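Engineer: Okay, here's the structure, questions in a sec.
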Amino acid sequence: SFEYHFWRAMWYDISGLKISEVMNEDVREYLRQNVNGILEDGTQRCFMPTGLCFFTFARTCYDSSLTAEEIKNYYFGKLFGDYAGEVEKYLLELADAFDFEYMAGHKASDASVSRFYNPEHAKSLAKVEDIAARGKEMIMKHFDSTLRPRTVAMRILLAYNELMRLFAKAMIEKAHGRDDAAKAIFEEMMSEIGKYEAEIEQYYD
């Protein structure tokens, strides 16, 4: 289904930026094919760390002349203000380290082991630890704002930063074919990120 496709794609596209581009392109193509109405039934939790994909979908439905780049610049500008560029750079670094094609299961060096088995890609995933550390510094620098939406956005980004750090550790184990070790880290990840549930859910539900 449409919803399930994009739910899975969130884990493929760690930044949410690429899927927003696809969303924009798809809606514009629907219009070119004379499809004049789309019913979206989904959950915003699928689109952490920002609501860019949902916003892109809605904005494109109202004005299909807008490109994904124009919508992203407007959304990030409103949400993050002067540090929008820093946030985008951070998200793109994460996305590059995880790699969309790898996360989609298309880069396994031996699919008979696992669709994530690729010891060489573990080197890329290992970069996330440093990216997350630098990302946390950036987040804490902008952690408090006189504008409530920006303060909330950075708090959500902080939780996401920790999620990605642990997720990368688990995927490194998957890349080496060590499934038991990966499962243990996944369980740790769920426990740690679960602590943010009450704080975050009010902004996504």
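Engineer: Filter the stretch 109-121 down to residues that are out of contact with any Gly (no Cβ under 9 Å at 6 or more places or on another chain) and surrounded by fewer than 17 Cβ atoms within 10 Å (Cβ to Cβ), then give me how many there are. Break it down stepwise before answering.
Structural biologist: To start, the set of residues in the stretch 109-121 that are out of contact with any Gly (no Cβ under 9 Å at 6 or more places or on another chain) comprises 109, 112, 118, 120-121.
If we keep only those that are surrounded by fewer than 17 Cβ atoms within 10 Å (Cβ to Cβ) too, we end up with 109, 112, 120.
Here the count works out to 3.
Engineer: Restricting to the stretch 170-194, count the residues that are free of Cβ contacts under 8 Å to residues at least 40 places away in the same chain and either of a type in the set (A, V, I, L, M, F, W, C) or surrounded by fewer than 17 Cβ atoms within 10 Å (Cβ to Cβ) (or both). Reasoning before the result, please.
Structural biologist: Step one: of the stretch 170-194, the residues free of Cβ contacts under 8 Å to residues at least 40 places away in the same chain are 170, 173, 178, 180-194.
Remaining after also requiring either of a type in the set (A, V, I, L, M, F, W, C) or surrounded by fewer than 17 Cβ atoms within 10 Å (Cβ to Cβ) (or both): 170, 178, 180-194.
Looking only at that region, the number is 17.
Engineer: May I pose another question? Just the residues that are in a loop (DSSP other than H, G, I, E, B) and open to solvent by less than 40 Å² (accessible area, probe 1.4 Å), please, taken from the stretch 135-144. Step through it out loud before you land on a result.
Structural biologist: First, the residues of the stretch 135-144 that are in a loop (DSSP other than H, G, I, E, B): 142-144.
Result: HIS142, PHE143.
Engineer: Which one is farthest from PRO149 (Cα to Cα), of the residues in the stretch 85-105 that are buried (at least 17 other Cβ atoms within 10 Å of the Cβ) and among the hydrophobic types (A, V, I, L, M, F, W, C)?
Structural biologist: The extreme case among them is MET103.
Engineer: Looking only at the stretch 65-82, count how many residues are in contact (Cβ under 8 Å) with a residue 40 or more places away in the chain and either of a type in the set (A, V, I, L, M, F, W, C) or under 25 Å from ALA168 (Cα atoms) (or both).
Structural biologist: Result for the stretch 65-82: 5.
Engineer: Now, a different point. Given the conditions (1) modelled with pLDDT of 90 or more; (2) within 19 Å of GLY16 (Cβ to Cβ); (3) loosely packed, with under 15 Cβ neighbours inside 10 Å, report the number of the one that ALA132 does not fulfil.
Structural biologist: Of everything listed in (1) modelled with pLDDT of 90 or more; (2) within 19 Å of GLY16 (Cβ to Cβ); (3) loosely packed, with under 15 Cβ neighbours inside 10 Å, ALA132 misses just condition (3).
Engineer: OK, next. Collect the residues in the stretch 118-134 that are in a helix (DSSP H, G or I) and either of a type outside the set (A, V, I, L, M, F, W, C) or at positive phi (or both), keeping them in residue-number order.
Structural biologist: Residues of the stretch 118-134 that are in a helix (DSSP H, G or I), as a first pass: 119-125, 128-134.
PRO119, GLU120, HIS121, LYS123, SER124, GLU129, ASP130, ARG134 - these are the residues of the stretch 118-134 that are in a helix (DSSP H, G or I) and either of a type outside the set (A, V, I, L, M, F, W, C) or at positive phi (or both).
Engineer: From the set of residues in the stretch 170-184 that are in a helix (DSSP H, G or I) and of a type outside the set (A, V, I, L, M), which is nearest to ALA132 (Cα to Cα)?
Structural biologist: Initial filter on the stretch 170-184 (in a helix (DSSP H, G or I)): 170-175, 179-184.
Narrowing further to those that are of a type outside the set (A, V, I, L, M): 173-174, 179-180, 183.
On the way: GLU173: 18, LYS174: 20, ASP179: 23, ASP180: 24, LYS183: 21 Å.
Filtering the stretch 170-184 for residues that are in a helix (DSSP H, G or I) and of a type outside the set (A, V, I, L, M), the one nearest to ALA132 (Cα to Cα) comes out as GLU173.
Engineer: Does ALA68 meet the test of being of a type outside the set (Ser, Thr, Tyr), closer than 21 Å to MET23 by Cα and modelled with pLDDT under 95? I'd like the intermediate steps shown before the answer.
Structural biologist: On the way: of a type outside the set (Ser, Thr, Tyr): yes; closer than 21 Å to MET23 by Cα: yes; modelled with pLDDT under 95: no.
When the stated conditions are applied, ALA68 does not pass them.
Engineer: Can you tell me which residue is nearest to ILE193 (Cα to Cα) among those in the stretch 145-169 that are assigned to a helix (DSSP H, G or I) and open to solvent by 40 Å² or more (accessible area, probe 1.4 Å)? Quick ask: steps written out before the conclusion?
Structural biologist: So in the stretch 145-169, the residues assigned to a helix (DSSP H, G or I) come out as 148-169.
Those still in the list that are open to solvent by 40 Å² or more (accessible area, probe 1.4 Å) too: 148-150, 155, 162, 165, 169.
Details: ARG148: 22, PRO149: 21, ARG150: 21, ARG155: 13, GLU162: 8, ARG165: 11, LYS169: 14 Å.
In this case the residue turns out to be GLU162.
The values are calculated or read from the model by the stated rules, or taken from the named source; none is laboratory data. What you see is a predicted model; the values in this text were computed from it and never measured. Heads up, the Cβs are rebuilt from the backbone with ideal geometry, glycines too, and the neighbour counts pull from every protein chain shown. The protein model used for the area step is the full one, side chains on, heavy atoms only, and it has no ligands, DNA or RNA in it. Shrake-Rupley method; radii C 1.70, N 1.55, O 1.52, S 1.80 Å.
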